[in-house]
1. Do you know which residues across segment 68-114 are open to solvent by 70 Å² or more (accessible area, probe 1.4 Å), in contact (Cβ under 8 Å) with a residue 24 or more places away in the chain and basic (Lys, Arg)?
2. For residues that are under 19 Å from LEU334 (Cα atoms) and touching a helix residue (DSSP H, G or I) at 6+ places or on another chain (Cβ under 7 Å), tally how many sit in segment 368-382.
3. Take the residues in segment 585-611 that are acidic (Asp, Glu) and part of a helix (DSSP H, G or I); name whichever of them is surrounded by the fewest Cβ atoms within 10 Å (Cβ to Cβ).
4. Quickly run through segment 528-552 and pick out the residues that are out of contact with any Leu (no Cβ under 6 Å at 6 or more places or on another chain) and aliphatic (A, V, I, L, M).
5. If you go through segment 43-51 one residue at a time, do you hit one that is under 13 Å from LEU175 (Cα atoms), free of Cβ contacts under 8 Å to residues at least 40 places away in the same chain and in a helix (DSSP H, G or I)?
6. So PHE53 fits all but one of (1) of a type in the set (Phe, Trp, Tyr); (2) loosely packed, with under 11 Cβ neighbours inside 10 Å; (3) within 33 Å of the chain's Cα centre (by Cα); what number is the exception?
7. Take segment 485-500 and flag every residue that is farther than 18 Å from GLN442 by Cα and within 34 Å of the chain's Cα centre (by Cα).
8. So for segment 42-49 (the condition being open to solvent by less than 90 Å² (accessible area, probe 1.4 Å), closer than 30 Å to ARG163 by Cα, out of contact with any strand residue (DSSP E or B) (no Cβ under 7 Å at 6 or more places or on another chain) and small (Gly, Ala, Ser)), does at least one residue qualify?
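The values are calculated or read from the model by the stated rules, or taken from the named source; none is laboratory data. These numbers come from a predicted model, not from an experiment. Cβ placement follows ideal geometry from the backbone for every residue including glycine, while neighbour counts extend to all protein chains displayed. All accessible areas refer to the heavy atoms of the entire protein, side chains included, with ligands and DNA or RNA removed. Shrake-Rupley method; radii C 1.70, N 1.55, O 1.52, S 1.80 Å.
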Amino acid sequence: MCQQVCFIQRVLLLPKCPACWKAGQAKLLETMKKLIEGSRGILQGTSSLLLCFDESEVRKIIRECKRVLDYLAVAEVIETMEDLVQFLKDLSPCLSKVSREVTAREKELTHQVHREILVRCLEQVKTLAPILICSMKIFIHIIGQGGKGVDEAAENRNYLSQRMTDEINEIIRVLQLTTYDEEEWDADNLTVMKKSYNAIEGKIRTAHDWLEDPLALRGGVGEKSVRQILDHAYKVAERSLPHDADTIRKQCSDITTMTDALCELRQEGKGATPQAEALSRGIQDKLRDLYTIVNRAVQGVEKSGIQQPAHTVSGRLEQARRWLDNPDRDDKGLGQQAIALIVHEGKKILGLCDEVDILSRQLSDLCRRGHGNSPQAQDIARNLSQRLYDLKDRIQNAVVNRVVEDFIDISTPLKQFTDAVHVPEGTPGREQNFGDKAQQLQHFSTRASKTARMVAAGGSGGNKKLAEALLTSSSQVESLTPQLISAGRIRMNYPESKAADEHFQNLVSQYSDSILRVRSLCDEATESADFIKMSEEQIQKHTILCEEAIRKSQPQKMVDNTSSIARLANRVLMVAKQESDNSEDPKFISRVNQASDSLQTSVTPMVQDAKSVAMNIQDHVAISRWKESNRALLSAVNEVRRAVTVTPDLPPPPDMANLHINDGNNVEQYQPSQHYNYFTEKGRVGQSMRGQPGPGPSPGGTLSPPLGHKSPTMRAVSPLPKWARGDNADLLYHELTSDDDHVDRGTGL
């Protein structure tokens, strides 16, 4: 009946009855729901299909990368030119294919960091490949002649092969990543564990092949794979949870003992005996168990969510501050670990930090006894917080000083070593000279690498990308130096060999590029104004030494210190040019370029005048000219520092007429006008910062209490602590009263 009525209503263009309208709406909604679900299914299916296709493409690239790894694994057993030619024929197509496919894949990635890692690793592989081939030619040449330097040549070859292997493994790791964590560092425990696990996975097949071959001798690729698996497993154990760490170490110890026994049997020709075969099977079983345990350990750390101390002083300072703000909160010792690492970093640079260490121990002891919220603990926390910020500033200043001193001249140690290598045979003292220059180069590399690591920890300002680049580059310099020295010794022993000379020049070029990159990264991490200021101080120090050389009639000392002044001035010019190139402000660029030009024109006159003094150190006219030109150079350096120092536009100080005394707590308050309310805007000054104490002692000799603390004798201070105000604190804030301004609370006058 309802349908008939509705039909008549439609014919007569009358409204539907309510029941039919509701039924139609329900059907419409059901249809829309099915359409939406169907569309979602189509999209999900398409996405899954594309994802599967993408994963298959990645697996193809990884398969090619593993082929390269297989070829690199046999590089150590090639001892004839015929084998080397065949090795090169096999390796070249694989490397070319990997290069093409990784380059194409890199362009498709959405994470910029992953793209940069792939580009960097691929460039390293391209650079190292010809150097590896050259080192293999040298090794074959030496063993063919039965001459000296076999060990050095083998070490060069193995080092380069391992470098290429590491770069390929890193490419494989990055290709498999699907997300990027801004907080994740390459030095994080979990990241290191995952890299070690991937390395174990890549070597497990080679290790099993060696164990299954009863005729394989010790010292081959297979045995080295077993040893390297154990090394990576120990790295995992160092970062694992206690139970997993103990299990891994025990398993590694058992495998080491069994492998040593198997190697002895095979060395004696007993590799096919039942005892040796039983050992081989036992090692294979234990390797499989170790692989499983390592995987479990990695997953255990990942699921635990345990935090580790940050990798920079700034990050550690933030972790320490969070603990000091709430000492009674259990952070599983993270805050104290962060303080301990800051102290350790400070001791490496400054040899100080005892006071911070003592305060940290006192606070930790109070927290263990359940007194973390006591007045004594709060007072220690405030004092410790202040000392930590002071220590951070001193660490950063010391780091800048190290950068200025250690990278003043990066070319001389390498040039002197290269000259020592090219000394003709038969020259008296040739070996002694080579040893001295090699030692100097090693000392320079060690100190430069250490400085770079200090900059990464204390001077990078928490810049993850920059800090990791510094750590990587410093490690390369440190590991490359002994290989360069070995190549130099081979070049000395075979001065007529073109292959030896080519190999040495390749490593010289590698070292030069690496140390230059370290210096550039350190300069980038260092505040330019601080760097120039420290350089200015160093120039003043060398000026004093020049004057002392003049008084004592020491021409060589005069020359040496003048050279240091000139190098420091050139370093200032480099930093100024870097600032100018990185800026888009025409006024700033013009100001910096003008100051740089003035400095550049003052270097040559100073050097020429110093040369005149060195030639006749008693010539008072020449001495006066040098002093005048040196003063001009110092003045030009100062102008460059002023030019690169950017002073932000700051609001004017508050109007003193708008200040009055609050009767409630006897603290003078600033009543902001509509234009100057930046003291109380929450967006400008966070609550956590408001609660920070002033870092300096109060007139009574104790630390200033927090701003929320009511005290009848409390002086008015700015809302920001001194460490947060910068060098221009006097422009922003004023200490509003003096000791004589305290008045009677009752009168408010």
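1. Listed by number, the list holds a single entry, LYS97.
2. Total satisfying the criteria: 5.
3. ASP597
4. Answer for segment 528-552, where residues must be out of contact with any Leu (no Cβ under 6 Å at 6 or more places or on another chain) and aliphatic (A, V, I, L, M): ALA529, ILE532, MET534, ILE544, LEU545, ALA549, ILE550.
5. no
6. With (1) of a type in the set (Phe, Trp, Tyr); (2) loosely packed, with under 11 Cβ neighbours inside 10 Å; (3) within 33 Å of the chain's Cα centre (by Cα) applied to PHE53, the lone miss is (3).
7. Within segment 485-500, no residue meets the criteria.
8. No.
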